[in-house]
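What follows is a set of notes on a single structure, which appears directly below.
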Amino acid sequence: MEQNTVKISNVIIWTTIYFGIILFYTFLDITVWRKAFPNYSEWINIIVIMICTFGFICLLKSKYKINILSNVTLMGILLAVFCAVLFFLLLDKCLDPIFESVFPQSEQDYQETIQNLIKSPITSLLHVCIIAPIIEETLMRGFALEGLKNTYGAIEALLLSTLFFALLHFNMVQTLSAFVCGIILGLLYIKTNSILCCIIAHCGYNLISYFTMIYPYINE
């Protein structure tokens, strides 16, 4: 099978396109759906996000050979589950509190994020725990890491793809956490050569983190 080879400029272009898509559906949500359909805006928004995500992945796959379902093994799945738990223990329980103490504004933004999650728990779960991991792992591991690895080498590709992944997270605490997370997800991909295993790890971590964040507020 022919291998993808991409340059840094290609990753910048596709990351910018993805960022533009985020801005597009966020703009529609704020300026159109919330005003025109206040009672249904959350569901309309998540449907638009799904459509945009599917369209972006199809566009990316039309240009590059990306197979999300390839190279899936039991060992890879077990490693993915292990990584999900590792992320929670390493980030949520150890590093994030340190990052939050250094960047107090990020902690305030984090609390606002929790309140937004509580307002729309189902659509937020779909977005944060399923849709975002699928598109981010397809873009950052399946496209960026794989393509850069074939062009520059594994170490350079790992660091570059992780940097782009971290920059997609706009909160400083999330950016630092995403860099750590990106390194481990990148190593998981290099080990398994499986996008799906990275998606499972990413989804699993977000699910654990999501429920531990909102559970105390739901039971108040």
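The values are calculated or read from the model by the stated rules, or taken from the named source; none is laboratory data. Being a predicted model, the structure only gives us computed values, none of them experimental. We place every Cβ from the backbone using ideal geometry, glycine too, and count neighbours over all the protein chains shown. With ligands, DNA and RNA removed, areas are computed over all heavy atoms of the protein, side chains included. Shrake-Rupley method; radii C 1.70, N 1.55, O 1.52, S 1.80 Å.
At a 1.4 Å probe, what is the % contribution of carbon and sulfur to the accessible area of the chain?
On the way: 8110 of 11630 Å².
With neighbouring chains kept in place, the figure for the chain is 70 percent.
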### Task
Give me the orientation-averaged projected area of the Cα convex hull of the stretch 38-85, in nm², one decimal.
5.4 nm²
### Task
Enumerate the lysines that residue 149 could reach by cross-link, defined here as Cα to Cα under 22 Å, with residues fewer than 8 away along the same chain left out.
7, 61, 63, 65, 191
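If contacts are Cα pairs under 8 angstrom and at least 6 residues apart, what is the relative contact order of the chain in percent? Walk me through the numbers on the way to the answer.
Working: 225 pairs, mean separation 71.4, N = 220.
With pairs under 8 Å counted, the relative contact order is 32 percent.
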### Message
For the stretch 105-219, I need the span (max minus min coordinate) of the C-alpha atoms along each principal axis, in Å, sorted largest to smallest.
### Response
49, 29, 16
### Query
Residues in the stretch 1-37 near a label at residue 65, defined as backbone nitrogen under 16 Å from the 7 Å Cα→Cβ point?
1-6
### Query
Helix hunt in the chain: which complete DSSP H runs extend at least 24 Å axially by C-alpha with mean Kyte-Doolittle at least -1.0?
8-28, 41-63, 172-192, 195-218
### Cut-off 13 Å, label 7 Å out along Cα→Cβ of residue 122, residues of the stretch 7-47 by amide N
40-44, 46-47
### Summary
Ordering 7, 61, 149 by the accessible surface of their heavy atoms, 1.4 Å probe, largest first, yields 7, 61, 149
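Say R0 is 25 Å: what FRET efficiency, to the nearest 0.05, do residue 40 and residue 213 get from their beta-carbon distance? Display every interim value, and only then the final one.
Numbers: r = 25 Å, r/R0 = 1.00.
So the FRET efficiency works out to roughly 0.50.
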#### Entry: P(r) of the chain over all Cα-Cα pairs, binned every 10 Å from zero, in whole percent
8, 32, 37, 19, 4, 0
### Task
Give the residue from 101, 20, 125 lying farthest towards the positive end of the charge dipole for the stretch 1-127; charges sit on Cβ (+1 for Lys and Arg, -1 for Asp and Glu) and the dipole is referred to the Cα centre.
20
### Task
Express the accessible area of the chain per residue in Å², computed with a 1.4 Å probe while the remaining protein chains stay in the model.
53 Å²
### Query
Roughly speaking, what is the centre-to-centre gap between the stretch 25-60 and the stretch 76-128 when only Cα atoms are used, to the nearest Å?
23 Å
### Summary
Heavy-atom accessible area of residue 62, protein chains in place, probe 1.4 angstrom, given in Å² to nearest 10, is 80 Å²
### Message
Suppose accessible area is computed on protein heavy atoms with a 1.4 Å probe; arrange 43, 14 from highest to lowest.
### Response
43, 14
### Query
Given a 1.4 Å probe and the protein chains all in place, what does the accessible area of residue 211 round to, in Å² to the nearest 10?
110 Å²
### Query
How big, on average over all directions, is the shadow cast by the Cα convex hull of the stretch 1-113, in nm²?
10.9 nm²
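Sort 164, 179, 143, 27 by accessible area with a 1.4 Å probe, largest first.
Numbers: 164 30, 179 80, 143 5, 27 125 Å².
Largest to smallest exposure gives the sequence 27, 179, 164, 143.
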